[in-house]
Amino acid sequence: MGSFLGRLKKGLARSRDGLAQMLPGRNVEALSGSEGMDIEDGLIMADCGGELSVSLVAQARRRRGGSLDVLREAMLAMLPQPGAVRMPEQGPFVLLVVGVNGTGKTTTIGKLATMFRKQGKSVLVGAGDTFRAAAVEQLAVWVERAGADMVRQHEGADPAAVAFDTVQRGLARNYDVVIVDTAGRVQTDRGLMDELAKVRRVIAKAWPEAPHEVWQVVDGGTGQNAVVQVEKFREVAGTTGLIVTKLDGTAKGGIVLQLVDRFGLPIRYIGVGESLEDLMPFDAEDFVNSLLPAGDE
Ligand SMILES: Nc1nc2c(ncn2[C@@H]2O[C@H](COP(=O)(O)OP(=O)(O)OP(=O)(O)O)[C@@H](O)[C@H]2O)c(=O)[nH]1
Ligand SMILES: [Mg+2]
């Protein structure tokens, strides 16, 4: 078992244990009887969402065989391996990172910067969270540790101006990767959501093909509210991919399935802990295998 898979399994233990309790004897014979309800309940409690849970169990029932493997297959069928990240033909890959407060944007950017640096790429990070000096300092620590560079302005500066400067400098100095951090915001805050739309627009003024990707960081423990969060951010910021963090602290790992089912957005990375190695590229098969209890032989 690779260390990634080991960490993933450990990270998803709470979700898996929750589901295991709903799968009597770990045998999904129950799928064909009224006990199928238990499995639906289990999936709903793991935040797969009502509609998807019913559909997964129905699909599993239609397949032959009475083992957990049918459920696994039904999950894999609706969870495509994400396609390639959109990359520029020339110039830096520009990534804008957005999301609700405290979901893990800044730490995730630090981890991504470290990953890119390890691949030998030059990385420039824009400190677009200008609300608090502490936010810039937090980012600076990560950036320095990663061996990346940073664009910052004074506290209270216009985040769109920071984003503009970052992309311009990234282009002028031939960076391989440009990542723009943003302040956390609740999707119902009209003013802050308008500000985010402006950040995106201004990035495109600095370079019309940018940003190449907009990734929303979602806290895996948020529950059903994650659905409206993703809906609204996609509308305002043009989200192209998701990063789901904190899956280690929740029994609700099914939210990943529900978000893919609802929005068809690729999951780019998932976070199963606070350390660097706990942010890992999303692999559909490893994820499903870690989310479900081991099947009967
Ligand atoms: N357990 C766990 N903690 C995480 C994970 N990802 C991030 N965190 C923690 O979440 C907390 C918030 O992370 P930040 O990166 O500051 O979040 P943010 O989205 O930048 O927050 P704001 O800028 O205030 O909106 C930190 O303590 C992180 O270490 C994860 O996958 N698992
Ligand atoms: Mg932050």
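The values are calculated or read from the model by the stated rules, or taken from the named source; none is laboratory data. Here the structure is a predicted model, which is why all the values come from computation and not from measurement. Note that each Cβ is placed from the backbone with ideal geometry, even for glycine, and that neighbours are counted across all protein chains shown.
If I filter segment 43-64 for residues that are of a type outside the set (Phe, Trp, Tyr), outside any helix (DSSP H, G or I) and modelled with pLDDT under 80, do I get at least one hit?
yes
Can you name the residue in segment 107-129 that is small (Gly, Ala, Ser) and closer than 22 Å to Arg201 by Cα and, of all such residues, is surrounded by the fewest Cβ atoms within 10 Å (Cβ to Cβ)?
Ala127
Residue check: is Gln153 within 9 Å of ligand 2 (Cβ to nearest atom), in the same structural domain as Glu277 (by TED's automatic domain parsing), in contact (Cβ under 8 Å) with a residue 24 or more places away in the chain and not hydroxyl-bearing (Ser, Thr, Tyr)? So that I can check it myself, show each step before the final result.
On the way: within 9 Å of ligand 2 (Cβ to nearest atom): no; in the same structural domain as Glu277 (by TED's automatic domain parsing): yes; in contact (Cβ under 8 Å) with a residue 24 or more places away in the chain: yes; not hydroxyl-bearing (Ser, Thr, Tyr): yes.
No, not satisfied.
I need the full set of residues from segment 109-142 which are closer than 13 Å to Ile179 by Cα and near ligand 2 (Cβ under 9 Å from one of its atoms), in order please.
Within segment 109-142, Ile109, Asp129, Leu139 meet the criteria.
Identify, from the list Ala237, Ala226, Ala204, Ala210, the residue that is without any contact (Cβ under 8 Å) to a residue 12 or more places away in the chain and in the same structural domain as Val180 (by TED's automatic domain parsing).
After ruling out the rest, the residue left standing is Ala204.
May I ask you to verify whether Ala251 is farther than 22 Å from Leu79 by Cα and of a type outside the set (Ser, Thr, Tyr)?
no
Would you confirm whether any residue within segment 119-141 is more than 16 Å from ligand 1 (Cβ to nearest atom), under 24 Å from Gly91 (Cα atoms) and free of Cβ contacts under 8 Å to residues at least 12 places away in the same chain?
The first filter runs over segment 119-141 and keeps only residues more than 16 Å from ligand 1 (Cβ to nearest atom), leaving 119-124.
Filter again for under 24 Å from Gly91 (Cα atoms), leaving 119-124.
Within this subset, residues satisfying the condition of being free of Cβ contacts under 8 Å to residues at least 12 places away in the same chain are 119-120.
Yes, some residue in segment 119-141 is more than 16 Å from ligand 1 (Cβ to nearest atom), under 24 Å from Gly91 (Cα atoms) and free of Cβ contacts under 8 Å to residues at least 12 places away in the same chain.
I'm trying to understand the selection: among the residues of segment 154-190, which are within 16 Å of ligand 1 (Cβ to nearest atom) and surrounded by fewer than 18 Cβ atoms within 10 Å (Cβ to Cβ)?
If the condition is that a residue be within 16 Å of ligand 1 (Cβ to nearest atom) and surrounded by fewer than 18 Cβ atoms within 10 Å (Cβ to Cβ), then Glu155, Gly156, Ala157, Val186, Thr188, Asp189 are the ones that fit.
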